[in-house]
Protein chains: 2
Amino acid sequence: MKMILIISDGIGDAPISKLQSKTPLEYGSFPSLDRLAREGITGIMDPLRPGIPAGSDTAHISLLGENPYSVYKGRGFLEALGVGLELEDGDIGFRVNFATLKNGIVIDRRAGRAPDGIHELADEINNSITLDVPFLFKEATGTRAALVLKGDGLSSNISDSDPHSTDVRPLEVKPLDSSREAAFTAELINDFISKTHMLLNDHKINSKRIGQDMLPSNYLLVRGAGVRPPVLTLKERYGISAACIAATALIRGVAKCYGFDILEVEGMTGEYNTNEENKAKATIKALDSYDFVFMHFKPTDTASHDGDPLMKIKMLKKLDRIVGIILDKLSPDDVIIALTGDHSSPCSIKDHSGEPVPVALWGGRVRIDDVSCFDERICAKGGLGRINATDIIPMLLNQANRIKKFGA
Amino acid sequence: MKMILIISDGIGDAPISKLQSKTPLEYGSFPSLDRLAREGITGIMDPLRPGIPAGSDTAHISLLGENPYSVYKGRGFLEALGVGLELEDGDIGFRVNFATLKNGIVIDRRAGRAPDGIHELADEINNSITLDVPFLFKEATGTRAALVLKGDGLSSNISDSDPHSTDVRPLEVKPLDSSREAAFTAELINDFISKTHMLLNDHKINSKRIGQDMLPSNYLLVRGAGVRPPVLTLKERYGISAACIAATALIRGVAKCYGFDILEVEGMTGEYNTNEENKAKATIKALDSYDFVFMHFKPTDTASHDGDPLMKIKMLKKLDRIVGIILDKLSPDDVIIALTGDHSSPCSIKDHSGEPVPVALWGGRVRIDDVSCFDERICAKGGLGRINATDIIPMLLNQANRIKKFGA
């Protein structure tokens, strides 16, 4: 018996007046999502606690089994792990943006969102800059990057340099406690920022960008210092092998902490254009080699952040096709599937919110309920009631008869 | 976006045979409560945990956001704060009853419930009694009062003098641990009781009471030692301003701990005769000055303690009028309202019980469900499922978009 966890990012929504006060899930037609609900058991799920909006990092820590209020240690480590940097315990990870600084003022936090030349600039930073400790730097999607400080005597308890707004000075990074480690790490990051600024500002790639009427990517904004969250891998905790199919660096990072192998899929972009058929096929194929496959679908959340309910419906149709392909290929006797989201993201507020998400379990010996639609309101009447994201992994393992009794 | 929390004390009940096995909420007709349910989302809520009867103190600590199993430190401090005494951290608060002692035996724990002269007796106690530490004493409703011991070296870990029954001797107050602080505090209270007994017994007010065939209020029963519960105010935790409209001292005390301003309302008594129209209007008006308004309605619980379901229905009609006035004046685009109770109080047992209470949320972007009645059994089918009282504040803040994401 194999297990599949399908997460549609930001899937939950709120009633939208121009959709006749329905949510995108309620308004659109999604025959395969509905089939999964009809042939399965449904409910609603809180990523963290009722009313608390979850970040993607804390939501996935929770979905993969641990209480993030106990183990979450910042996003930077997860992001750095996700872009493929090698991290060891004790390393500090950071999120980085290439930005544009003019006369000491941040005029664009993302350097016009133009990634041109970012790869070469990242190489140059790795080759030319030296700090008092070893470091790793790597570009990610767009103008994003990740930084890792390695070695002893470091602390993640330092502030961000990112002012989170424009037309202001970047912030000086400061220690957030009185420890020697925090002071040392803050100093290292300030040193890194000033050295890279000198390097980037004079770099020929930026002369070229300016020549092409682009903003120079001449300054690094650093934020989200984090260390490894102390979680057990699924292998350590449950003795199962697990694979992750996800385009988003952060999600890959969380999955790596839980010991998932990260699978590459052609055409998987994490964007609106992602190849859903390849993702579905890769998920099915991965069951040959793994006990547990976690497939993450990003663009539903992107549509919410863009405030575009019709695009969200379009992306839900992509998700529907993924689920359709999977259900057509697999038998409920051989697999247990959970479909849910990591949090709600109402298009009306263009951000994460604290309402629960719908959840459905299909396969195994689930007590099929009378819910025959997959959406926020109908699933609230389902046989699972209201559960927490940390319940998902034990529930899948239970259906697969792969979880140990507690007690005797 | 503003927030309103309406608590009807002891609102939950159990089926009553002479009401055709319905609860008071089910039996009566409450059009505005039903409107709130019909246009909102409903559920059931546990004040503490399923099956555990909550005190009014622990239930309100929970409703206003913190887990009372972690932060509850006794009722006395809350009661003393609620009657208007000024307390500092480290002070110990006590509940006090004026009682009648005859030949060393408690013959009435409430001195015949006659408050005549109590105010003057309280003044006399403050003016004439001295202890080894400073103290404050104040009469409350009926023959109740509150006492505060101030200064260093005190402990709330001492026993009650109140025997909780009549025709027995009052109890000696004893330290409940071996600390010097507990021994010292117990000694202070025994000293206070014996000094006040001498003062009260010989007082002309009590001669007058006896002359009028009333029981003398000649002895103080002291109980419920407590210190400040370590809770953050709503301003500290969420950056919001908050006002409380409540007649009951204990509720005011809890609200003060959470940083609420206490508003006075003409005709608000906390009794059957309370002026519901003024309470409703005050709630609406408070929204001009505050982000969050908490309105507490006591008499539903009083009717339960009196074992009087018809009176409870009458009081629910008062609540219905309050809700009606509020809904008529406000738009769901501007406000999010939660209506619920602090605990169930079945008329059949005349006390608090461990069943959940119904809850409804109205306004904001709530996922309106198909429940169109506000009562214990129908709300159990609502879209919120079964939640905990500590979820209420985050859920209101979430709908008002005033809560921070956890994670990134």
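Read the figures in this text as sums done on the coordinates, not as results from a lab. The structure presented is a predicted model; accordingly, all values stated were derived computationally and were not measured. Here Cβ is always computed from backbone atoms with ideal geometry, including for glycine, and neighbour counts include all displayed protein chains.
Things to note:
- With 31 Å as the limit on Cα-Cα distance, the pairs of A:LYS18/B:LYS298; A:LYS73/A:LYS404; A:LYS298/A:LYS405 that go past it are A:LYS18/B:LYS298; A:LYS298/A:LYS405.
- Cβ-derived FRET efficiency at R0 51 Å, A:ASN67 paired with B:HIS119, nearest 0.05: 0.45
- Cα gyration tensor shape for region A:63-183, rounded if a/c is under 1.5, else prolate or oblate: rounded
- Scaled against the 2.2 N^0.38 Å expected of a compact globular protein of N residues, the Cα radius of gyration of the protein assembly as shown reads 1.11.
- Region A:3-72, relative contact order in percent, only Cα pairs under 8 angstrom and at least six apart counted: 14 percent
- Amide H contacts of B:ILE387 (H built 1.01 Å from N, under 5 Å, at least 5 apart or other chain): B:ILE44, B:MET45, B:ASP46
- For region A:79-226, the number of Lys pairs with C-alpha atoms closer than 26 Å, counting only pairs eight or more positions apart or on separate chains, is 15.
- Sum of -39500 (n - 2.57) over DSSP H runs of 4+, divided by residues of the protein assembly as shown (222 nm, nearest 500): -9500 deg cm²/dmol
- Using only side-chain charges placed at the Cβ, +1 for Lys and Arg and -1 for Asp and Glu, the dipole size of chain B relative to its Cα centre rounds to 680 debye.
- Label-point gap, in nm, between B:MET214 and B:ASP370 - each point 7 angstrom along Cα→Cβ: 6.0 nm
- Averaging the Cα positions of each part gives two centres, and for region A:306-380 and region B:66-86 these lie 45 Å apart.
- Among beta bridges that DSSP assigns inside chain A, antiparallel share in %, nearest 5: 60 percent
- Förster-model FRET efficiency, 35 Å R0, A:PHE406 and B:LEU232, C-beta, rounded to 0.05: 0.50
- Inter-copy spacing of B:ASP370 label points, which lie 7 Å from Cα along Cα→Cβ, given in nm from shortest upward: 1.0
- Extension gain, B:SER178 back to B:LYS204 (0.36 nm per residue minus Cα-Cα distance, nm): 5.3 nm
- With contacts taken as Cα pairs under 8 Å at a separation of at least 6 residues, chain B carries a relative contact order of 33 percent.
- Overall, region B:120-254 carries a charge dipole of about 480 debye about its Cα centre when +1 sits on the Cβ of Lys and Arg and -1 on the Cβ of Asp and Glu, all other atoms neutral.
- Projecting the Cα atoms of A:PRO356, A:VAL323, B:LEU397 onto the charge dipole of the protein assembly as shown, computed from C-beta unit charges around the Cα centre, puts A:VAL323 farthest toward the positive end.
- Each copy carries a label point for A:SER178 at 7 Å from Cα along the beta-carbon vector; from one copy to the others these points are 3.5 nm apart, nearest first.
- Each DSSP beta bridge with both residues in the protein assembly as shown is either parallel or antiparallel, and the antiparallel ones are about 60%.
- Cα pair count fraction exceeding 18 Å, expressed as % - region A:1-88: 61 percent
- At q = 0.16 Å⁻¹, base-10 log of I(q)/I(0) for region B:22-65 (Debye sum, equal scatterers on each alpha carbon): -0.65
- Relative contact order [Cα under 8 Å, 6+ residues apart], region B:330-408, whole percent: 28 percent
- Intensity falloff of region A:218-292 expressed as log10 I(q)/I(0), Debye formula with alpha-carbon point scatterers, at q = 0.16, 0.23 Å⁻¹: -0.69, -1.05
- Amide H within-cut-off set for B:LYS2, under 5 Å, with H built and near neighbours excluded: B:VAL335, B:ILE336
- Equivalent-ellipsoid semi-axes of chain A, from the Cα gyration tensor, Å, largest first: 39, 24, 19
- Amide hydrogen neighbours beyond the local backbone of B:ILE16, cut-off 5 Å, H modeled: B:SER21, B:LYS22, B:THR23
- Between A:ILE105 and B:ARG377, the simple label model (points 7 Å from Cα in the Cβ direction) yields a spacing of 6.8 nm.
- Here the Karplus curve 6.51 cos²θ - 1.76 cosθ + 1.60, taken at θ = phi - 60°, turns the phi angles of region A:48-54 into couplings of 10, 9, x, x, 8, x, 9 Hz, with x standing for Gly and Pro.
- Most positive-pole-ward Cα, A:THR185, B:ALA243, A:PRO50, against dipole of the protein assembly as shown from beta carbon charges: A:PRO50
- Shortest-first nm distances, A:LEU310 label point to equivalent points in other copies (7 Å, Cα→Cβ): 6.2
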